[in-house]
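Engineer: Take this structure first; my questions come after.
Every read-out reported here was derived from the displayed coordinates using simple, explicitly stated rules and does not represent laboratory data. Just so you know, these numbers come straight off a predicted model, no measurement behind them. We place every Cβ from the backbone using ideal geometry, glycine too, and count neighbours over all the protein chains shown.
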Amino acid sequence: MNNFENKLYQSLMVGEFASEGELIQLITDDEADDANQQENLPDQIPILSVRNTVLFPGVVIPITVGRQRSIKLVKKAQRGNKYIGVCAQINPNNDDPAWEDIYHVGTLAKIIKMIVLPDGNTTIIIQGKKRFQITETVTDDPYFLAKVSYMDESFPKNNKKIEALEESLKEAAAKILHLNPEIPQEAQVALDNIDNTPFLTHFLSSNINASVESKQRLLEINDGVERATLLLEFMMKDIQMLEIKSEIQKKVHTDIDQQQRDYFLRQQMKVLQTELGEEGPEKDVEELRLKGVKKKWSNAVSRHFNKELDKILRINPSAAEYPIALNYAETLVELPWNEYTSDNFDLKRAKSILDKDHHGLEKVKERIIEYLAVLKLKDDLKGPILCLYGPPGVGKTSLGKSIAKALGRKYVRMSLGGVHDEAEIRGHRKTYVGAMPGKIIQNMKKVKTSNPVYVLDEIDKLSSDFRGDPSSAFLEVLDPEQNSTFTDNYLEVEYDLSKVLFVATANSLETIQPALRDRMEIIEVTGYTIEEKQEIAKKHLIPKQRKEHGLKAKDLTFDNAAIAKIIEDYTRESGVRSLERAIGKVVRNIAKSIALEEPYTKKISTQAIRKILGGEIFDKEIYQDNSVAGVVTGLAWTSVGGEILFIETALSKGKGKLTLSGQLGEVMKESAMTALSYLKSRAEKYGIDHRVFDQYDLHIHVPAGAVPKDGPSAGITMLTAITSLYTQRKVKAKIAMTGEITLRGKVMPVGGIKEKILAARRSCLKEIILCNKNQRDIEEIDEQYLKGITFHYVDNVDEVLEVALMKTKVQDPIKFTFTDDNSKN
């Protein structure tokens, strides 16, 4: 019996009988009625075909009839003895079944009540009486009429097996009632009052959850034990299905209950937050949405942002994804999308600021003024990528601040020294734990404008490892044609960096990736002359140190000679960092005297400098020594500026072995071998006995052996040194040289000329030998750097030796002796 029939049956039967007890009595007295009416059962009965239902003896069920044949049959039976035969259809979808479409084993039923419904259908309540089998079909018009033979039950009485089956059936039925809450409670009452085993099997067979074929199979079995055993098997399968269903429903209900509980608590929390004036998730999202309306972003970004906000509203605030999604939305709305500061086009003011903040650096200042001029005329210029290249301490980073000040833009700095993770530039995917945008986007959010002056400090110190190559990530950032659509991994949307003025700084160009270097405009920032350092010290360093140490201008002053002494004797560098530290030491000494109320001299002189800083660190005399043959002063470029170096040579009796020392690189070693090979090929021209190359060992040494040295610049210096040694002609005083040589004696140009010239000036050298092609580099240098220096431009080594070597030998020349009797002295 399905659920609808059960409910209908309950409503009808409860209304028909005076009490529930009468209904139970009707069911349980069924067998007694059958016994009294055995001899009155008709042999020929009308047959009612039913769908999806199998009627069992003793069971009361409602049936709705709608087919005309069935309605005629019911009305005829209601006027007569009220007996009809009920047989199940084999195919329930057949609206006009024939004899072969119904089962021939059915149940005789008695019509208890008939109700005509408003829609024309008729509902009858029938009670099964006895099973029958159709023996002969009489007619099918106007309804089925057949002769039947009745089937007796075969149930042994007082049998322990029957008793066990009955107990098992009741237990299984009770379990089904417990597992299936849809079955009415009246069924349990009826079940408890059934003590008749045959009726128990009929009652349970009618109500089990089984197919029509299975129920028909139970109806057709005559042996009661066999029928009860099969029924128990069906019920056990039903129990298993109900247990699985109950377990699934329990889990579903638990999840739903938890969700309802969470929803209820969230609603309560929302009300409490509203009462307390606190913000809830919905308010946070609404505030973000209002901020998003004011942003100047594109439609694509706006759609993406609102989509993210809608996603936040669907996330449980206690879930781990909630703060991640909220932080992402906050990052989007806090970025300055197309928000710019106004540039100041007062070129005179800009030049004044640059001149005030930095002494010298005319080339860099000129480039900035050019940029401002073009921007003023065109009012639309993509930010250039400037790279300030030079030694440490010359003001590359602080120059970025001055540029921002001159333009009226905001300033932001990013240190790249040691950065080796690509995610620091491009950010992490937001799905990762602890994800955040890259430093480019983070700084844009911090500075709150889309056109700042962005200083990329120490771009040559970028490194790469298994986490990626940051220098390759910068290819997009520093490309004016691509950075308008820069995509950070965290943002997932394009951000415009084309209005940013990027200023990179570097000490060396060799370590910068070629593709990255190609995207930048290289501006060389060289070292300062002694005069420039004096001006920088007076205008910037001394006032700064006085302020940092709590002193006033009246507390101490420096005379020019004292500043010059610090520069020449205690600091020898391209920049001014060491100079600032030395000045700071002097100022601290004065601050100590003031704090201790000790007497001191307010005007710092050279004597006070020596007393405070100690003995001179650098000695000028070493740079003027030319009394020994084979010692030559060379010029070299380093990452910290220009330096002078000395090539020392010595001969000893041996077998012509060449020894190189001073931690020289491969290129420098090749220069030494090239110089020696050239000199051997021109020995007679310079008056050198060729046997000296075979019977004397040559040692070339470059002092400061702990410092690695490499490069082609020492080519002519090495040739001059060994020529001086073999010819015993000393080198001119206060002369230096730089240039590469070939085996043919050609002098090749080299780089770093300005740094080398500054190094020569710091060392008080008076003459410099250069390749003729380096004259173009000299022409680009300000004249103030060239004062007091004489330049000799050469094309071959003969010219070098003509200028560098003196005609006379040293006072105590080497006396060469050879094993050959015809040797020369």
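Engineer: Place the peptides 551-564, 46-59, 738-751 in order of packing, highest mean first, counting for every residue the other Cβ atoms within 10 Å and averaging per peptide. Don't skip to the answer; put the middle values down first.
Structural biologist: Numbers: 551-564: 15.3, 46-59: 22.8, 738-751: 19.0.
Put in order of decreasing packing, that is 46-59, 738-751, 551-564.
Engineer: Using the per-residue mean of other Cβ atoms lying within 10 Å as a proxy for protection, in what order, highest first, do the peptides 71-79, 127-135, 592-600 fall? Please list the in-between numbers first.
Structural biologist: Working: 71-79: 16.4, 127-135: 19.8, 592-600: 10.6.
The most tightly packed comes first, giving 127-135, 71-79, 592-600.
Engineer: Compute the FRET efficiency between E247 and H420 as 1/(1 + (r/R0)^6), taking r as their Cβ-Cβ distance and R0 = 60 Å, and round to the nearest 0.05.
Structural biologist: Working: r = 55 Å, r/R0 = 0.91.
Calculated value: 0.65.
Engineer: K161: which aspartates and glutamates have alpha carbons under 19 Å from its alpha carbon, excluding same-chain residues fewer than 8 sequence positions away?
Structural biologist: E153, E171, D195, D223, E226, E233
Engineer: In addition: Starting from the Kirkwood radius over alpha-carbon pairs of the stretch 481-618, derive D by Stokes-Einstein at 37 °C in a medium of 0.692 mPa s and give it in µm² s⁻¹. Could you put the intermediate results ahead of the total?
Structural biologist: On the way: Rh = 18.5 Å.
Stokes-Einstein gives a translational diffusion coefficient of 178 µm²/s.
Engineer: Could you give the radius of gyration (one decimal) and Dmax (whole number) of the Cα atoms in the stretch 644-786, in Å?
Structural biologist: 15.7, 50
Engineer: Which far-off residues, 5 or more places away or on another chain, put their amide H under 5 Å from the one on F502, with H placed in the peptide plane?
Structural biologist: HN-HN under 5 Å from F502: L386, Y454.
Engineer: Using alpha carbons only, how many angstrom separate the centre of the stretch 405-435 from the centre of the stretch 539-611?
Structural biologist: Rounded to whole Å, the Cα centres lie 38 Å apart.
Engineer: What are the radius of gyration and Dmax of the stretch 506-546, computed over its Cα atoms and given in Å?
Structural biologist: 16.0, 45
Engineer: Take every Cα-Cα pair in the stretch 347-523 and report what % of them are more than 26 Å apart.
Structural biologist: Details: 4337 of 15576 pairs.
Result: 28 percent of Cα pairs exceed 26 Å.
Engineer: Now for a separate question. Given the rule -39500 (n - 2.57) for each run of at least 4 DSSP H residues, summed and divided by the residues of the chain, what is its mean residue ellipticity at 222 nm, to the nearest 500 deg cm²/dmol? Working shown, then result.
Structural biologist: Numbers: 30 runs with 355 residues, N = 825.
That calculation yields -13500 deg cm²/dmol at 222 nm.
Engineer: Quick one: divide the alpha-carbon radius of gyration of the chain by 2.2 N^0.38 Å and tell me what you get. Kindly include the intermediate steps, with their values, before the conclusion.
Structural biologist: Numbers: Rg = 54.3 Å, N = 825, 2.2 N^0.38 = 28.2 Å.
Working it through for the chain, the quotient is 1.92.
Engineer: Where nothing but the Cβ of Lys and Arg (+1) and of Asp and Glu (-1) is charged, how large is the charge dipole of the chain around its Cα centre, in debye to the nearest 20? Please list the in-between numbers first.
Structural biologist: Details: 115 positive and 121 negative charges, 1192 e Å.
In total the dipole reaches around 5720 debye.
Engineer: Would you calculate the separation in nanometres between label points at D152 and E334, each defined as 7 Å from the Cα along the Cα-to-beta-carbon direction?
Structural biologist: That separation, rounded to one decimal, is 9.5 nm.
Engineer: Step through the residues of the stretch 307-317 one at a time and calculate ³J(HN,Hα) from phi using the Karplus curve (6.51 cos²θ - 1.76 cosθ + 1.60, θ = phi - 60°), rounding each to whole Hz and writing x for Gly and Pro.
Structural biologist: Values per residue, Gly and Pro as x: 5, 5, 5, 4, 5, 4, 5, 8, 9, 5, x Hz.
Engineer: Hey, another quick one. Using only Cα atoms, locate the centre of the stretch 669-738 and the centre of the stretch 209-266, then give the distance between them in Å, rounded to an integer.
Structural biologist: Here the two parts' Cα centres lie 105 Å apart.
Engineer: Separate question: Rg(Cα) of the stretch 281-334 divided by 2.2 N^0.38 Å? Mind showing how you got there, number by number?
Structural biologist: Details: Rg = 10.6 Å, N = 54, 2.2 N^0.38 = 10.0 Å.
Dividing the Cα Rg of the stretch 281-334 by 2.2 N^0.38 Å gives 1.06.
Engineer: Something else about it: Write down the Kirkwood hydrodynamic radius of the stretch 71-172, to one decimal in angstroms, obtained as one divided by the mean of 1/r over all alpha carbon pairs. Write out the running numbers ahead of the final one.
Structural biologist: Numbers: mean 1/r = 0.0618 Å⁻¹.
This gives a value of 16.2 Å.
Engineer: Count neighbours as other Cβ atoms within 10 Å of each site's Cβ, and list the trypsin sites (Lys or Arg not before Pro) in the stretch 372-450 that are DSSP loop with at most 11 such neighbours.
Structural biologist: Working: sites: K376, K378, K382, K396, K401, K405, R409, K410, R413, R426, R429, K430, K439, K445, K446, K448; in loops: K382, R409, K410, R429, K430, K448.
Those that pass, being in a loop and sparsely packed, are R429.
Engineer: Same structure, new question: Could you derive backbone 3J(HN,Hα) for the stretch 473-488 from the dihedral phi with the Karplus parameters 6.51, -1.76 and 1.60 (θ = phi - 60°), listing whole Hz in sequence and x where the residue is Gly or Pro?
Structural biologist: 5, 6, 4, 6, 4, 9, 9, x, 8, 10, 6, 6, 10, 5, 10, 8
Engineer: A further question follows. Determine, from the Cβ-Cβ distance of K746 and E362 and an R0 of 41 Å, the FRET efficiency 1/(1 + (r/R0)^6), rounded to the nearest 0.05. Don't skip to the answer; put the middle values down first.
Structural biologist: On the way: r = 34 Å, r/R0 = 0.84.
According to the calculation, E is roughly 0.75.
Engineer: Note down the relative contact order for the chain as a percent, whole number, built from C-alpha pairs under 8 angstrom at least six residues apart.
Structural biologist: Details: 1375 pairs, mean separation 59.1, N = 825.
Here the relative contact order equals 7 percent.
Engineer: In whole angstrom, how far apart do the alpha carbon centroids of the stretch 458-498 and the stretch 138-196 sit?
Structural biologist: Each part reduced to its Cα centre gives a spacing of 81 Å.
Engineer: OK, next. Amide H of N796 versus every other amide H placed in the peptide plane: which residues, excluding those fewer than 5 positions away on the same chain, fall under 5 Å?
Structural biologist: V747
Engineer: State log₁₀ I(q)/I(0) for the stretch 309-369 at q = 0.12, 0.19, 0.25 Å⁻¹ as given by the Debye formula over alpha-carbon point scatterers of equal weight, solvent excluded.
Structural biologist: -0.56, -0.77, -0.97
Engineer: I'd like the Karplus ³J(HN,Hα) series for the stretch 293-306: coefficients 6.51, -1.76, 1.60, θ = phi - 60°, whole numbers in Hz, and an x wherever there's a Gly or Pro.
Structural biologist: For the stretch 293-306, the Karplus curve yields 5, 7, 6, 9, 9, 6, 5, 5, 5, 4, 5, 4, 5, 5 Hz.
Engineer: Quick one: if you stick a label point 7 Å off each Cα along the C-beta vector at S464 and K680, how many nm between them?
Structural biologist: 4.2 nm
Engineer: If you don't mind, another one. What residues have an amide H closer than 5 Å to that of F646, excluding those fewer than 5 places away on the same chain, when H is modeled at 1.01 Å from N in the peptide plane?
Structural biologist: Under 5 Å from the amide H of F646 lie the amide H atoms of G634, each far enough along the sequence or on another chain.
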